[in-house]
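Trainee: Right, I'll just put the structure down here and ask away after.
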Amino acid sequence: MTGVTEHQLAAFGGLSLQDVKSKKEEANAKRIKIQEKLKDPEVCTEEKHHLQAVMHMETTRGLMLCPTCFLLPGNCCCKRWHHVAPQHRVCVYMHHNEWGRGINSGIVLKTSAGAGLYVSGHRDMEAELKSILKANEERVFILWPPDPEGRASNRKYPFVSAHELNALYPEAVKEGITIVAIDATWKNARAMVKRLPGNLKRVYIKGGAEGHLPDGTASIPATSGSLLRPVRKYKGFDGRVSTLEAVVGLLRFVGESQDVCEKLLDNLKMKVDAVQIQKHLPAIYGTTTASLGPQPDFSGAVPTRRNRMDAAGMPQGCRKDDDDDDDDKPIKDDNEDNKPIKEEEGVSVVEYLWR
């Protein structure tokens, strides 16, 4: 813990060195106990899935972050966000790897729009989500494309275009639909969607001009890609957007007010700017930063793997993790095989402060 300045601790909301050390020791002790259970062959797969979710939520990168925006307390933007009440219910089904990610957009929906947030594998959260889906079965729509890259799909599940929702399900739209947004990288999302009931309808938004609303406007505003594009490693194909942007696109089709949609997008811009400031980079969208706390100086921190690659000028296409949106992730695990969590070589800011 030597070498950590008061300015750096201010980013943790003014915690003392002893506070940070105690939190780390408590988390490490809990992680060790969970890892022992993960190695036990007598523990069933579902229990291991639950344990991994708990371990990631309570002992890894989210430990020192604001739990409602996933940023350092000194950069928290929860109070700055617009708080809205959409006409339709939103359930964010999140992979545990997304918990604590600074650029995650699902947490914005929970904190500013009252969306439910359910971590995949977490026993209690999964049970609550399935109860909601069962109770509202006829009005539930999983936001999921026939194929993430636009290729043909065998359509094993009932699919419907966002254009057809009002015509095919007028009563559901009138009463309010339940949107399930899967918040994960595509690799993890494909496994997660299989955990949801197969009889639930999937809804998708067509790309290009076909994805426009009846009045000719775009359901997802035309920009130079996703609003998260500046802070994501993956610079993917045109049309890939964040979880929040996809939800906003669908909300537009089912009659959500322009005010609500614009405020949600503004919230995402605020978060992107806060992430930039946290990384000592200029804001992208020019949202106010007056309410952000003192900014820590991490100039002496051990550079992360991504920093080292950037400094070396390595082309992004040569990076083995370009197809994974995780940024400075502390674990290397898809949870598909329920393997014990392993630390990566890259050292995050939080991990540096704990050294």
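The values are calculated or read from the model by the stated rules, or taken from the named source; none is laboratory data. What you see is a predicted model; the values in this text were computed from it and never measured. With ideal geometry, Cβ positions are generated from the backbone for all residues, glycine too; neighbour counts draw on all protein chains shown. Accessible surface is based on the protein model in full, side chains and every heavy atom, while ligands, DNA and RNA are left aside. Shrake-Rupley method; radii C 1.70, N 1.55, O 1.52, S 1.80 Å.
Trainee: Considering only residues that are open to solvent by less than 10 Å² (accessible area, probe 1.4 Å), in a loop (DSSP other than H, G, I, E, B) and touching a residue at least 40 places away in the same chain (Cβ under 8 Å), which ones fall in the stretch 61-77?
Mentor: Those that are open to solvent by less than 10 Å² (accessible area, probe 1.4 Å), in a loop (DSSP other than H, G, I, E, B) and touching a residue at least 40 places away in the same chain (Cβ under 8 Å): C69, L71, L72, C77.
Trainee: Would the stretch 64-84 turn up any residue that is among the polar types (S, T, N, Q) and modelled with pLDDT under 95?
Mentor: yes
Trainee: Do the conditions hold for H96, that is, is it open to solvent by 10 Å² or more (accessible area, probe 1.4 Å) and touching a residue at least 60 places away in the same chain (Cβ under 8 Å)? Working first, answer last.
Mentor: Details: open to solvent by 10 Å² or more (accessible area, probe 1.4 Å): no; touching a residue at least 60 places away in the same chain (Cβ under 8 Å): yes.
No, not satisfied.
Trainee: Before we move on, is K206 more than 23 Å from I103 (Cα to Cα), at pLDDT 90 or above, basic (K, R) and surrounded by 14 or more Cβ atoms within 10 Å (Cβ to Cβ)?
Mentor: Against the criterion (more than 23 Å from I103 (Cα to Cα), at pLDDT 90 or above, basic (K, R) and surrounded by 14 or more Cβ atoms within 10 Å (Cβ to Cβ)), K206 does not qualify.
Trainee: Name the residue, out of G62, G116, that is within 24 Å of I32 (Cβ to Cβ) and under 16 Å from the mean Cα position of the chain (by Cα). Reasoning before the result, please.
Mentor: On the way: G116 fails: within 24 Å of I32 (Cβ to Cβ).
Of the residues listed, the single one that is within 24 Å of I32 (Cβ to Cβ) and under 16 Å from the mean Cα position of the chain (by Cα) is G62.
Trainee: Could you count how many residues in the stretch 237-256 are small (G, A, S), at pLDDT 90 or above and farther than 18 Å from L117 by Cβ? Walk me through how you get there before you give the answer.
Mentor: Restricting attention to the stretch 237-256, the residues satisfying the condition of being small (G, A, S) are 239, 242, 246, 249, 255.
This time we only want the ones that are at pLDDT 90 or above, so: 242, 246, 249, 255.
Those still in the list that are farther than 18 Å from L117 by Cβ too: 249, 255.
The qualifying residues number 2.
Trainee: Just give me the residues in the stretch 41-60 being assigned to a helix (DSSP H, G or I) and open to solvent by 10 Å² or more (accessible area, probe 1.4 Å), in sequence order. Steps first, answer last, please.
Mentor: Keep residues of the stretch 41-60 that are assigned to a helix (DSSP H, G or I), which gives 45-59.
Of everything in the stretch 41-60, those that are assigned to a helix (DSSP H, G or I) and open to solvent by 10 Å² or more (accessible area, probe 1.4 Å) turn out to be T45, E46, E47, K48, H49, H50, L51, V54, M57, E58.
Trainee: Then there is this: So, in the stretch 275-297, exactly how many residues are surrounded by 15 or more Cβ atoms within 10 Å (Cβ to Cβ) and either modelled with pLDDT of 95 or more or β-branched (V, I, T) (or both)?
Mentor: 5
Trainee: Might you check whether a residue that is part of a loop (DSSP other than H, G, I, E, B), modelled with pLDDT under 95 and open to solvent by 10 Å² or more (accessible area, probe 1.4 Å) occurs anywhere in the stretch 122-141? Please lay out each step first, then the result.
Mentor: In the first step, residues of the stretch 122-141 are kept if they are part of a loop (DSSP other than H, G, I, E, B); the result is 122, 136.
Still in the list and also modelled with pLDDT under 95: 136.
Now narrow it down to the ones that are open to solvent by 10 Å² or more (accessible area, probe 1.4 Å): 136.
Scanning the stretch 122-141 turns up at least one residue that is part of a loop (DSSP other than H, G, I, E, B), modelled with pLDDT under 95 and open to solvent by 10 Å² or more (accessible area, probe 1.4 Å).
Trainee: Restricting the stretch 239-290 to residues that are of a type in the set (V, I, T) and assigned to a loop (DSSP other than H, G, I, E, B), which is nearest to the chain's Cα centre (by Cα)?
Mentor: Keep residues of the stretch 239-290 that are of a type in the set (V, I, T), which gives 241, 243, 247-248, 254, 260, 272, 275, 277, 284, 287-289.
This time we only want the ones that are assigned to a loop (DSSP other than H, G, I, E, B), so: 241, 254, 284, 287-289.
On the way: V241: 12, V254: 23, I284: 19, T287: 21, T288: 23, T289: 22 Å.
Among residues in the stretch 239-290 that are of a type in the set (V, I, T) and assigned to a loop (DSSP other than H, G, I, E, B), the one nearest to the chain's Cα centre (by Cα) is V241.
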